[in-house]
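Report on one structure; see the data block that follows.
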Amino acid sequence: MMNTPKELRYSKDHEWVRVEGNKATVGITDFAQSELGDVVFVELPANGVAVTAGKQFAVVESVKAVSDIFAPVSGTVTAVNDALTDAPETINSDPYGAGWIVVVELADPGELAALLDSAGYEKLTAEGGH
Amino acid sequence: MAEKTPLYETHRQYGGKIVEFGGWLLPVQYEGILAEHRAVREKAGLFDVSHMGEVTVKGPGALAYLQKVVTNDVTKLADGQVQYTPMCYPDGGTVDDVLIYRYGADDYLLVINAANIAKDWQWLQENAVGAAAALENVSAATAELALQGPLAEAILAKLTDAPLATLGYYRFLPSATVAGRPAMVSRTGYTGEDGFEIYCRPEDAAALWEAIMAAGRPLGLAPAGLGCRDTLRFEACLPLYGHELSAAISPVEARLTKFLSFAKGEFNGRAALARQVEYGPPRKLVGFALTERGLARAEYPVVADGRRIGTVTTGSYAPTLDKNLGMALVEAGYAKVGGKIAVEIRGKEVAAVIIPRPFYKREGKK
């Protein structure tokens, strides 16, 4: 059974968002890591770059697949999880915790309304996830 | 419409993640590619390779026919022996790479790649016109399991009285009994480990799978999917048709010249391949390691001296070596071990160095 924490918001591209004040922590969902399989490489953005909702900002590669990671919200990257460079498998073992990818300072908190809640995301993945 | 092997339901019961591969529905993984890869290197893994094709060649002209269609010298085979050989077009391009099993002087089995069955069958028949050899495509009547890893012999020995301990590499037992079922057992594989390939009737495949799993579980045997089959063969630098070999890639370019016999007489592709050997092929297959962060994938461009010099044929994280490696077909002038190249990954050049192949070789190879 996939883990979909209630307190998070989700994108249709299988990223999650944890909002605290005007900052959003972003990662990929348990469903996404499970579909990808063993993650062996992560390409992270630089700290301070601007990201745009719906645009690719990172790459996660498993043994078999290359997956673009899309920003669920627009803003400025204020923290990058550099630990993933040496331990990309953390995305598999703890996708909502130590497997976080970046923190984004929100440019437009109104964008959060476009994201799914956990029930909406579970419905999406139950339908096949695409 | 993708086809199912006789083990399709078994894979689902074992939690296999089913994908389509070469027109077949097969598990890419069960527990995970890295865990299964490790199981095969350290203990053992069980694969369903029933998608592979099988063609029998029988008759007084069988040997002469095979000598013409494949590049290796089939007269070197004795009964009970297996040979690896490319099969080429007249221009030297590769139709397929196959295993030949000799049952008798007039009785052979070819094992061919799943994705090539229709093409190979047509090619084999076209070349059989006028030959005193009868061909039969027995692919649908043949299932195949691969038990691979250092503990493969200990596991299989629990299920058969067949003399596995004295069965050498690339030798086979035509009529063994495994777990009470008739099977042909060969000491062959596609993982770089010791192991066996077990050919059986489709209706016996599920029972054999269960018997092998039951015998092997206590020793660490894991069901293994196509994902680790690819990473295992990649580390051992075994070619995969469609990547390291194709109609546009000759065995000489793929560094398989030791499987060509120019001494045996005429065969398909002989003149073209002999020219490539004499003058050197324009391109050569190399192994490389990325020396900067990145992961190379098939089809990525290879560059050097500011221009494109080749293409990645397979690239992957190599689990046993914990390195990001690849194989590439490059201009022959750049094929030297130690040479500096770069792989273009998402528009950026990532530095790499050419390294010796294979990347992985097991200890005490039989």
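The values are calculated or read from the model by the stated rules, or taken from the named source; none is laboratory data. Everything quoted here is computed from the prediction, not taken from an experiment. Every residue, glycine as well, gets a Cβ built from its backbone with ideal geometry; the counts of neighbours run over all protein chains shown. Note: areas computed on protein heavy atoms with side chains; ligands, DNA, RNA excluded. Shrake-Rupley method; radii C 1.70, N 1.55, O 1.52, S 1.80 Å.
Note on B:Ala118/A:Glu105: beta-carbon distance plugged into 1/(1 + (r/R0)^6) with R0 of 51 Å gives a FRET efficiency of 0.35. In this structure, the amide hydrogen of B:Ala318, modeled 1.01 Å from its nitrogen in the peptide plane, lies closer than 5 angstrom to those of B:Lys323, B:Asn324, B:Leu325, counting only residues at least 5 positions away or on a different chain. Between B:Gln81, B:Gln122, B:Gln148, the GNM of chain B built on Cα springs shorter than 10 angstrom shows B:Gln122 fluctuating the most.
Take every Cα pair under 8 Å in chain B that's 6+ residues apart, average their separations, divide by the length, and report that relative contact order as a whole percent. So the answer I get is 18 percent. Placing unit charges on the Cβ atoms of the charged side chains and taking the dipole of the protein assembly as shown about its Cα centre, the candidate lying farthest along the positive direction among B:Ala214, A:Trp100, B:Ala179 is B:Ala179.
Across region B:282-366, the relative contact order, built from alpha-carbon pairs under 8 Å that are at least six residues apart, equals 36 percent.
Just how far, in whole angstrom, is region B:197-262 from region A:10-73 if you go by their alpha carbon centroids? So the two Cα centres are separated by 34 Å. Summing Cβ point charges (Lys, Arg +1; Asp, Glu -1) relative to the Cα centre of the protein assembly as shown gives a dipole of roughly 1400 debye. Once you divide the Cα radius of gyration of region B:323-366 by 2.2 N^0.38 Å, the number left is 1.42. Only Cα pairs under 8 Å and 6+ residues apart enter the sum, and on that basis the relative contact order of chain A stands at 31 percent. With R₀ fixed at 35 Å, the C-beta to C-beta distance from A:Asp86 to B:Phe259 puts the FRET efficiency at about 0.30. Here the protein assembly as shown is described by how far its Cα atoms reach on the three principal axes: 83, 56, 42 Å, from widest to narrowest. List the accessible area buried at the contact between B and A, summed over both sides and calculated with a 1.4 Å probe, in Å² to the nearest 100. When B and A are taken together, about 1400 Å² of accessible area is lost. Checking buried surface per residue: for region B:289-312, which residues lose a minimum of 30 Å² accessible area in the protein assembly relative to the chain alone (1.4 Å probe)? Residues losing area: B:Arg293, B:Leu295, B:Arg297.
In order along region B:321-335, phi translates into HN-Hα couplings of 9, 6, 9, 9, 10, x, 10, 8, 9, 10, 3, 4, x, 10, 8 Hz, rounded to whole numbers, per the Karplus curve 6.51 cos²θ - 1.76 cosθ + 1.60 with θ = phi - 60° and x for Gly and Pro. Between B:Arg307 and A:Ala113, the distance separating the two model label sites (each 7 Å from Cα on the Cα→Cβ line) works out to 5.8 nm.
Both radii were evaluated on the Cα set of region A:39-95; the Rg over Rh quotient, with Rh as the Kirkwood radius, amounts to 0.97. If you wrap the Cα atoms of region B:53-139 in a convex hull and average its projected area over all directions, you get 4.9 nm². Taking amide hydrogens as placed 1.01 Å from N in the peptide plane, the amide H of A:Ile69 sits under 5 Å from those of A:Phe57, A:Ala58, A:Val59, A:Val60, each at least 5 positions away in sequence or on another chain. For chain B, pairs of C-alpha atoms spaced more than 30 angstrom apart make up 39 percent of the total.
The modelled label-to-label distance for the pair A:Ala50/A:Asp94, using points 7 Å beyond Cα in the direction of Cβ, is 3.4 nm. Helix-only arithmetic for the protein assembly as shown: the sum of -39500 (n - 2.57) across DSSP H runs with n ≥ 4, divided by the residue total, places the mean residue ellipticity at 222 nm at -5500 deg cm²/dmol.
Dimensions of region A:9-114 from C-alpha coordinates, computed as largest minus smallest value along each principal axis and given longest first, are 36, 25, 22 Å.
Per the Debye formula on identical point scatterers at the alpha carbon atoms of region B:263-366, with no solvent, log10 I(q)/I(0) at q = 0.10, 0.17, 0.20, 0.22 Å⁻¹ is -0.34, -0.78, -0.95, -1.06. For the residue pairs B:Lys119/B:Lys284; B:Lys17/B:Lys43; A:Lys64/B:Lys17; A:Lys12/A:Lys123, the alpha carbons lie more than 19 Å apart in B:Lys119/B:Lys284; B:Lys17/B:Lys43. With θ taken as phi - 60° and the Karplus curve 6.51 cos²θ - 1.76 cosθ + 1.60 applied, the whole-hertz 3J(HN,Hα) list for region B:124-134 is 5, 5, 4, 7, 8, 4, x, 7, 7, 9, 9 Hz, x standing for glycine and proline. On full extension, the segment bounded by B:Thr75 and B:Val353 gains 96.1 nm, given 0.36 nm per residue less the C-alpha separation. Taking amide H atoms as placed 1.01 Å from N in the peptide plane, the amide H of B:Thr313 lies under 5 Å from those of B:Glu299, B:Met327, B:Ala328, B:Leu329, each 5 or more residues away in sequence or on another chain.
In this structure, B:Lys361 and B:Asp322 have a Cβ-Cβ separation that, at R0 = 22 Å, corresponds to a calculated FRET efficiency of about 0.85. For chain B, the fraction of 1.4 Å probe accessible surface lying on carbon and sulfur atoms is 52 percent.
Derived from the Cα gyration tensor, the three semi-axes of the equivalent ellipsoid of region B:212-326 are 31, 23, 10 Å, largest first.
Sorting B:Glu203, B:Glu31 on solvent-accessible area from highest to lowest, probe radius 1.4 Å, gives B:Glu31, B:Glu203.
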